[in-house]
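Written out below as structure tokens is the structure these notes cover.
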Amino acid sequence: MNMRVRPLDGITVVALEHVIAAPFCTRQLADLGARIIKIERPGDGDFARGYDTRVEGLCSHFVWVNRSKESLTLDLKQESAVTVLKNLLKTADVFVQNLAPGAAARMGLTAEVLQKDNPQLIMCAISGYGSDGPYRDKKAYDLLIQSEAGFLSITGTPDTPSKAGNSIADIAAGMYAYSNILAALLQRGKTGKGTVIDISMLEALSEWMSFPMYYAHKGAAAPSRNGASHATIYPYGPFKAGDGKTVMLGLQNEREWAQFCETVLENPQLAQDERFNKNFKRNEKRVELLEIIETCFSKLTAEQLIAKLDKAQIANAHLNDMEGLWNHQQLKARNRWAEVDTPAGPIPALLPPGLNDSYDYRMDPIPEVGEHTDAILKELGMTESAITSMRASGAI
């Protein structure tokens, strides 16, 4: 048995995708061996290619979520291009799209049509609010979904609601699309039939908001915005050391509180202080406790403080910036860095999360716009003259 066979080797995914949510989903399918045929607009391609030029002239968003894919350009306003897409879908395993709701149906890309020709086809649509309901047709960018899902109401400072620093709603939707497709492939192995999956960004992020929702059950006060500090547990968040650097730390229980007082603050009696001997009391009296903590921490450098926290077995972390993450010693020690080719040359890339001893992740190049168009069309049996005609009309 070949132990290096990947889980999705032999699976073909056709992706009518752009920006983050769907491309993040399909890139993870590619990591596991799936063939991803990415449909792009002739010329500029996925408009996320142009968001920035930070990676050797390429876009940081794009290189993150588009390795190991084949790029096929199609102008789907032209019938010949739609025909090519439908022909691809006759033998594909999965069709992923994150067009506006209803857009795929207007091109005839419905389950009734596609699964008639290919009953095993798994169809996954990703949208802001889902395929029905009063919000179906609202535009849904990541920030807007963070707002609708209540994420901004619990994130930021007391004065300033803040979005997440990356596209958390897109990522959540992409993750649920990915896991739903994996489940659908398992289901197809049992039934022999494809399924239709409807992924909503709002529903994906709302699931991630379940703790604050339950915390505010039946009209109770929601978690407050406390910057990088935990909303309901204290001390848990950023604290300044004497050298001006910030250390993150977190206590989860009373045993850790006692250890923190004895080993870090060197004040064991504080653990029994009636003001602070339960988490809810510490949470209510943050200002008083912060003054005590800061007085102690001001005498220590960040590294001295981390050493004391480690000795007390108190969870802690450096407040890293992007340079700190690029150079993180734990990522290096676990050999988490690989290299992928791009149209601008090789770049470093993190291996997908999860060590697996039976196969290697696929880490193939990031494609140029339309790089694989001719090869894919020839696979479909198209002649050189037919391909030339499509190019002349702007269909590819």
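The values are calculated or read from the model by the stated rules, or taken from the named source; none is laboratory data. This structure is a prediction, so every number in the text was calculated from the model and none was measured. Here the Cβ positions follow ideal geometry from the backbone for every residue, glycine too, while neighbour counts run over all protein chains shown.
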In segment 154-187, what count of residues is obtained for those that are surrounded by 15 or more Cβ atoms within 10 Å (Cβ to Cβ), of a type in the set (Ser, Thr, Tyr) and touching a strand residue (DSSP E or B) at 6+ places or on another chain (Cβ under 6 Å)? 1
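Counting just the residues of segment 352-375 that are of a type in the set (A, V, I, L, M, F, W, C) and buried (at least 17 other Cβ atoms within 10 Å of the Cβ), which one comes out farthest from Asp44 (Cα to Cα)?
Of all residues in segment 352-375, those of a type in the set (A, V, I, L, M, F, W, C) come to 355, 363, 366, 369, 375.
Still in the list and also buried (at least 17 other Cβ atoms within 10 Å of the Cβ): 363, 366, 369.
Numbers: Met363: 24, Ile366: 15, Val369: 7 Å.
The residue in question is Met363.
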Which listed residue is of a type in the set (Ser, Thr, Tyr) and either over 30 Å from Gly345 (Cα atoms) or modelled with pLDDT under 95 (or both), from Thr83, Thr53, Thr73: Thr83
For segment 342-351, how many residues meet the condition of being surrounded by fewer than 15 Cβ atoms within 10 Å (Cβ to Cβ) and either under 22 Å from the mean Cα position of the chain (by Cα) or on the phi > 0 side of the Ramachandran plot (or both)? 3
For Lys138, only one of the following conditions fails: (1) assigned to a loop (DSSP other than H, G, I, E, B); (2) in contact with a Phe, Trp or Tyr (Cβ under 8 Å, 6 or more places away or on another chain); (3) in contact (Cβ under 8 Å) with a residue 24 or more places away in the chain. What is its number? (3)
Which one of the conditions (1) outside the structural domain of Glu368 (by TED's automatic domain parsing); (2) under 36 Å from the mean Cα position of the chain (by Cα) does Leu289 fail to meet, given that it meets all the rest? (2)
Only unsatisfied item for Arg282, checking (1) free of Cβ contacts under 8 Å to residues at least 60 places away in the same chain; (2) surrounded by 11 or more Cβ atoms within 10 Å (Cβ to Cβ); (3) over 25 Å from Asn226 (Cα atoms), is (3)
Quick one: how many residues across segment 236-264 are surrounded by 19 or more Cβ atoms within 10 Å (Cβ to Cβ) and in a loop (DSSP other than H, G, I, E, B)? 2
Just give me the residues in segment 103-131 being part of a loop (DSSP other than H, G, I, E, B) and touching a residue at least 24 places away in the same chain (Cβ under 8 Å), in sequence order. Met107, Gly108, Leu109, Asn118, Pro119, Gln120, Leu121, Gly128, Tyr129, Gly130, Ser131
Would you confirm whether any residue within segment 188-201 is assigned to a helix (DSSP H, G or I) and surrounded by 14 or more Cβ atoms within 10 Å (Cβ to Cβ)? yes
Being of a type in the set (Phe, Trp, Tyr) and under 18 Å from the mean Cα position of the chain (by Cα) is the filter here, so list the residues in segment 352-367 that pass it. Tyr361
Could you check how many residues of segment 266-292 are basic (Lys, Arg) and not in a helix (DSSP H, G or I)? 3
Selection from segment 53-68 of residues without any contact (Cβ under 8 Å) to a residue 12 or more places away in the chain, touching a Phe, Trp or Tyr at 6+ places or on another chain (Cβ under 9 Å) and either under 17 Å from Glu371 (Cβ atoms) or charged (D, E, K, R) (or both) yields Cys59
In segment 206-223, anything outside any helix (DSSP H, G or I), surrounded by 12 or more Cβ atoms within 10 Å (Cβ to Cβ) and either out of contact with any Phe, Trp or Tyr (no Cβ under 9 Å at 6 or more places or on another chain) or of a type in the set (A, V, I, L, M, F, W, C) (or both) is listed as Met209, Ala216, Ala222
Residues that are surrounded by 14 or more Cβ atoms within 10 Å (Cβ to Cβ) and outside any helix (DSSP H, G or I), drawn from segment 293-314: Leu300, Thr301, Ala312, Ile314
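Quick one: which residue in Lys308, Lys299, Lys332 is without any contact (Cβ under 8 Å) to a residue 60 or more places away in the chain, of a type outside the set (Phe, Trp, Tyr) and closer than 30 Å to Tyr361 by Cβ?
Numbers: Lys308 fails: closer than 30 Å to Tyr361 by Cβ; Lys299 fails: closer than 30 Å to Tyr361 by Cβ.
Being without any contact (Cβ under 8 Å) to a residue 60 or more places away in the chain, of a type outside the set (Phe, Trp, Tyr) and closer than 30 Å to Tyr361 by Cβ holds for just one of Lys308, Lys299, Lys332, which is Lys332.
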Hey, any hits in segment 192-199 for a residue that's in contact (Cβ under 8 Å) with a residue 60 or more places away in the chain and touching a Ser or Thr at 6+ places or on another chain (Cβ under 8 Å)? yes
I'd like the residue in segment 315-341 that is acidic (Asp, Glu) and over 19 Å from Gly244 (Cα atoms) and, out of all such residues, is surrounded by the most Cβ atoms within 10 Å (Cβ to Cβ). Asp341
Only one of (1) modelled with pLDDT under 95; (2) touching a strand residue (DSSP E or B) at 6+ places or on another chain (Cβ under 9 Å); (3) among the small types (Gly, Ala, Ser) does not apply to Gly102, and that is (2)
If you go through segment 85-102 one residue at a time, do you hit one that is in contact with a Pro (Cβ under 9 Å, 6 or more places away or on another chain) and in a helix (DSSP H, G or I)? no
Any chance Ser131 is touching an Asp or Glu at 6+ places or on another chain (Cβ under 6 Å) and within 26 Å of Val84 (Cα to Cα): yes
